[in-house]
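Worksheet: the structure to be examined is printed underneath.
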Amino acid sequence: MSSQSVIQPFLQHVRAIHARGVDRAALQEIVSLLEALTAQRELFNFARFPAPAADSGETQFRYRLNDDGESPTLYVNSLLPGKATLPHNHETWAIIVAVEGQELNRVYRRADDGSDPARAELVLEREVVVQPGTSVAFLGDDLHGIRVEGDSPTLHFHLYGRPLESLEHRYGVKDDGSVVNYNKSQMTPSIEAYGL
């Protein structure tokens with residue numbers, strides 16, 4: 001069995017929900033569908049989607065699982081311990097579901113009015129440890145930052161309403177409150193893994 005034989009029917013279900021419009025209730029429907037994919041361990045594991053070697057200089061691999069010209073887009077991410085990101089938005093809805101490992105998600109809200117495009121003031125709202133059985137979902141304007149703690153790499157599904165590579169207005173917020181274009185300053189290229 002190939003991963004595509006599982007991914008394509010999954011994406012058809014997600015596209016039907018996506019076509020209706022995605023709100024928080026729809027996100028939870030999609031989370032349930034994506035969590036079901038984690039049971040396919042023969043298809044989604046470190047042997048097929050390896051983590052970077054600790055001495056490689058890489059901290060993450062992002063495997064893009066579909067490129068059929070349609071949205072949504074599914075990825076498998078493997079992050080090494082110590083990997084962290086700036087707080088950032090997604091510009092589209094996003095879901096993270098764990099196959100293996102733990103990822104601390106810090107979820108923020110903006111305390112400023114957004115009138116200065118170069119600055120943002122964030123307030124921490126909650127922390128969620130994404131691990132098998134605990135997922136997280138975001139709408140496009142929601143903000144989060146992640147950190148992988150402990151000794152084990154992660155293997156997590158990331159599903160986005162649009163391909164990450166097509167998003168031009170994602171922003172990240174540095175510790176000093178300055179705003180940067182997230183894709184241009186932070187995002188590494190995805191590994192195409194359509195045939196795995």
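Using label points projected 7 Å from each Cα along Cα→Cβ, tell me how many nm separate ALA53 and GLU70, to one decimal.
4.0
Accessible area of ASP112, 1.4 Å probe, to the nearest 10 Å²?
50
Helix 24-37 versus the longest principal axis of the chain: what is the Cα-based angle in degrees, 0 to 90, to the nearest 10?
Helix 24-37 and the main axis of the chain meet at about 40 degrees.
Given the Cα-Cα distance of ASP176 and ARG119 and 0.36 nm per residue of separation, how much length would full extension add, in nm?
Numbers: separation 57, 0.36 × 57 = 20.52 nm, distance 0.87 nm.
Gain in length upon complete extension: 19.7 nm.
Net charge near ALA84: determine it from the other residues with C-beta under 12 Å of the C-beta of ALA84, scoring Lys and Arg +1 and Asp and Glu -1.
0
Using a probe radius of 1.4 Å on heavy atoms only, what accessible surface per residue do you get for the chain? Whole Å² is fine.
Working: 9290 Å² over 196 residues.
So the chain comes to 47 Å² accessible per residue, rounded to a whole number.
Just to be sure I understand, if you calculate percent of Cα pairs over 31 Å apart for this structure, which of (1) 38; (2) 13; (3) 20 do you get?
(2)
Mean-square fluctuation check for the chain, GNM, Cα pairs under 10 Å: which of PRO117, PRO87, PRO72 is largest?
Result: PRO117 has the largest fluctuation of those listed.
How far is it, in nm, from the label point at LYS184 to the one at ARG15 when both lie 7 Å from their Cα along the line to the Cβ?
The two pseudo-label positions are separated by 3.2 nm.
When you count, for each residue, the other Cβ atoms within 10 Å and take the mean per peptide, how do 150-160, 118-128, 33-43, 90-100 rank with the highest first?
On the way: 150-160: 19.7, 118-128: 13.2, 33-43: 15.7, 90-100: 22.3.
Ranked by mean Cβ neighbours within 10 Å, highest first: 90-100, 150-160, 33-43, 118-128.
The values are calculated or read from the model by the stated rules, or taken from the named source; none is laboratory data. Because the structure is predicted, anything quoted here is derived from the model rather than measured. Cβ sites come from the backbone with ideal geometry, for glycine too, and all protein chains shown count toward neighbours. What goes into the accessible areas is simple: the full protein's heavy atoms, side chains included, and nothing from ligands, DNA or RNA. Shrake-Rupley method; radii C 1.70, N 1.55, O 1.52, S 1.80 Å.
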